[in-house]
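These notes are about the structure you will find just below.
The values are calculated or read from the model by the stated rules, or taken from the named source; none is laboratory data. Remember, predicted model here, so these are calculated numbers, not experimental data. Here the Cβ positions follow ideal geometry from the backbone for every residue, glycine too, while neighbour counts run over all protein chains shown.
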Amino acid sequence: MVTQNIDEHPSTESRPPRRRWAAHAISGVLAAAVVLGVGELVALPINPDASPFYAVGATTVDRTPAWAREFAIDTFGTNDKPALFIGMSILIVLLGAVAGLLERRRRPIGSVILVLLGAVGVYAAMQRPTADAMYVFPTLVGVVAGVATLRLLITQLEVPLSPGVADSWLPRRQFLLLAGAALAVAAAAGAAGKFVGQRIAGAVANREDFVVPTAADPAPPIPAGADIAIAGASTYITPNDDFYRIDTALLVPQLTTDSWELRIHGMVDREMTLSFDDLVARTPIERVITLTCVSNEVGGVLAGNAKWIGYPMKDLLDEVGVHPDADMLLSTSVDGFTVGTPVEIVTDGRDAILAVAMNGEPLPFEHGYPVRQVVPGLYGFVSATKWVTEWELTRFDKVEAYWTQRGWGAQAPIKTSSRIEVPAALAPIEPGQVLVAGTAWAQHRGIEKVEVRVDNGEWQPATLAQEYSIDTWRQWSWMWDAGSGLHTVQVRATDLDGNVQVEERTPPIPGGATGWHTRSFTVK
Ligand SMILES: Nc1nc2c(c(=O)[nH]1)N[C@H]1C(S)=C(S)[C@@H](COP(=O)(O)O)O[C@H]1N2
Ligand SMILES: [Mo]
């Protein structure tokens with residue numbers, strides 16, 4: 001009789017908890033976070049590029065086909081990097097949750113997922129141009145820590161409930177403590193990785209101590225007439241903080257002037273390796289030059305104008321003695337990005353410079369500290385190598401640079417372009433005199449005229465700001481006597497060689513977008 005009574009009270013027996021799938025999912029996410037955080041930390045003494053998160057991101061960027069780059073820059077503009085990071089983070093959270101849930105159903109499937117993710121991280125790290133055997137460790141150690149975390153957490157969740165304790169959504173205190181600890185480890189490791197990474201490099205201090213050289217040959221002053229300063233339009237000089245940034249670097253290289261050198265080799269008479277001191281022992285010049293990205297859409301904002309101080313690239317090429325049959329200067333940045341620039345263009349007398357200063361400051365890290373190239377007239381992807389550390393003299397029929405391998409052109413002079421900046425798109429407009437203004441550029445050919453037309457009418461000449469040089473952009477303005485209704489305003493530029501901005505709309509790939517910038521306005 002007594003034994004029957006016990007059978008009638010199953011709640012007094014211990015049994016496994018049931019409903020904590022959410023806690024399992026969270027366990028998986030935390031385990032994934034530990035993989036990344038610990039990976040970040042272990043990457044510190046090796047190379048920040050070796051951390052699983054950055055390695056996967058950077059390798060993804062390198063594998064991005066040309067159309068996807070166009071799509072990304074089109075959709076996210078210069079926020080393409082944050083967009084990638086957010087996308088990766090969402091994916092990792094999802095995969096972590098799945099790993100946690102699967103570990104609950106059947107061990108060790110969740111752990112296997114973490115190991116597979118780790119394999120992707122190791123593979124990506126080994127694809128980095130700077131990779132050596134050490135690059136496997138950040139992900140490897142991270143995965144070991146992550147799997148341990150997952151096991152520990154799930155074990156806590158599966159501890160049988162004590163007799164008399166009701167099954168509940170809330171896991172036991174030990175689990176919560178462990179989960180908190182895992183979160184702290186992941187966050188602390190990740191944060192330490194970032195923080196110490198910057199300190200170790202010492203690059204911030206090095207840049208602060210950098211003394212901008214005084215140009216022996218300064219840029220001519222900018223006349224008031226070249227900068228007509230219309231509210232809402234681009235300023236003639238683009239402040240460094242507003243200057244567009246385009247590159248493949250997920251981790252901005254943190255070089256110091258002490259660690260920088262430029263190795264020049266290949267089809268030259270005398271190979272040479274230049275230290276930073278060697279470079280600044282030469283005579284600096286100062287020039288105002290407008291940069292433009294080939295990915296700029298018609299009317300887009302991927303162009304900027306700055307005052308650069310640097311050293312003529314031609315002088316260095318003369319020193320090493322370029323072989324007559326070498327037609328490409330292949331420059332490489334410290335993170336392995338490559339650019340192919342025609343030797344002919346670098347040596348034709350234009351102001352192609354190895355720049356060390358931008359608008360009176362040392363180059364910002366994002367713009368190439370301590371040394372980058374600036375070549376008037378060519379899109380950035382074939383000329384403007386940031387963090388440049390290597391020059392090889394070679395031939396276009398032998399080598400393809402980074403973007404050319406991905407479907408972009410090998411040669412890419414900047415196309416004659418103009419854009420409307422004022423009035424702003426969709427701005428409300430009163431009938432009467434309306435100032436229309438913008439910027440035009442055709443670097444190293446110069447702007448001859450800008451014309452505007454309304455509703456496909458006659459082209460009207462715009463007023464040009466004073467020309468500063470053929471290597472910089474030119475502001476323009478035009479007074480429109482606007483009547484009520486919906487109107488379309490278009491602009492086109494003509495360069496000093498007589499080339500008219502091309503009407504046909506073509507995409508940026510492979511050599512720069514064409515088309516006339518068009519804005520529609522509703523006048524009240
Ligand atoms: N090292 C490196 N240099 C680079 C790039 C890059 O991805 N890596 N991108 C190039 C491209 S496509 C452009 S348009 C210019 C942009 O220079 P900015 O970011 O200083 O405006 O840098 C060029 N130099
Ligand atoms: Mo670019």
Being among the hydroxyl-bearing types (S, T, Y) and buried (at least 17 other Cβ atoms within 10 Å of the Cβ) narrows T257, T235 down to just T257
Given the conditions (1) surrounded by fewer than 24 Cβ atoms within 10 Å (Cβ to Cβ); (2) more than 12 Å from ligand 1 (Cβ to nearest atom); (3) at pLDDT 95 or above, and given that G407 satisfies all but one, which numbered condition is not satisfied? (3)
In this structure, is D258 more than 16 Å from ligand 1 (Cβ to nearest atom), part of a loop (DSSP other than H, G, I, E, B) and not assigned by TED's automatic domain parsing to the domain that holds V422? yes
Given the residues A55, A50, A25, which is the only one that is under 26 Å from F175 (Cβ atoms) and either at pLDDT 85 or above or of a type in the set (S, T, N, Q) (or both)? A25
Considering only segment 442-484, state which residues are in contact with a helix residue (DSSP H, G or I) (Cβ under 7 Å, 6 or more places away or on another chain) and crowded, with 20+ Cβ neighbours inside 10 Å. A465, Y468
In the set V371, V399, the lone residue that is in the same structural domain as T273 (by TED's automatic domain parsing) and more than 20 Å from I246 (Cα to Cα) is V399
Filter pass, N240 being within 21 Å of P362 (Cα to Cα) and within 16 Å of ligand 1 (Cβ to nearest atom): yes
Got a sec? Which strands (runs of 3 or more DSSP E) wholly within segment 361-471 have at least 2 residues that are within 16 Å of ligand 2 (Cβ to nearest atom) and in contact with a strand residue (DSSP E or B) (Cβ under 9 Å, 6 or more places away or on another chain)? 372-374
Could you give me the residue pairs with C-beta distances under 8 Å whose first residue belongs to segment 215-230 and is farther than 30 Å from L354 by Cβ, whose second residue is in a loop (DSSP other than H, G, I, E, B) and of a type in the set (A, V, I, L, M, F, W, C) wherever it lies, and which are 6+ apart or on separate chains? G225/A465; I228/A465
Which of the residues that make up segment 50-66 are in contact (Cβ under 8 Å) with a residue 60 or more places away in the chain, surrounded by fewer than 23 Cβ atoms within 10 Å (Cβ to Cβ) and not β-branched (V, I, T)? G57, D62, P65, A66
Regarding segment 387-399, can at least one residue be identified that is farther than 27 Å from H323 by Cα and among the acidic types (D, E)? no
Only unsatisfied item for D497, checking (1) assigned to a strand (DSSP E or B); (2) of a type outside the set (S, T, Y); (3) over 32 Å from the mean Cα position of the chain (by Cα), is (1)
What are the pairs with Cβ atoms under 7 angstrom where one residue, in segment 458-474, is of a type in the set (S, T, N, Q) and the other, located anywhere, is assigned to a loop (DSSP other than H, G, I, E, B)? Sequence gap at least six, or different chains. Q466/P223
For segment 364-404: of the residues being away from ligand 1 (no atom under 12 Å from the Cβ) and acidic (D, E), which is surrounded by the fewest Cβ atoms within 10 Å (Cβ to Cβ)? D397
Restricting to segment 228-245, give me the number of residues that are in contact with a strand residue (DSSP E or B) (Cβ under 8 Å, 6 or more places away or on another chain) and either assigned to a helix (DSSP H, G or I) or outside the structural domain of G380 (by TED's automatic domain parsing) (or both). 2
Restricting to segment 115-156, name every residue that is farther than 30 Å from V61 by Cβ and surrounded by fewer than 22 Cβ atoms within 10 Å (Cβ to Cβ). A148, R151, L152, T155, Q156
Could you list, in sequence order, the residues of segment 67-107 that are β-branched (V, I, T), more than 17 Å from R406 (Cβ to Cβ) and buried (at least 19 other Cβ atoms within 10 Å of the Cβ)? I92
Using beta carbons and a limit of 8 Å, which pairs, at least six apart or on different chains, have the first residue in segment 373-390 and on the phi > 0 side of the Ramachandran plot and the second one more than 8 Å from ligand 1 (Cβ to nearest atom) and not in a loop (DSSP other than H, G, I, E, B)? G377/I345; G377/P413
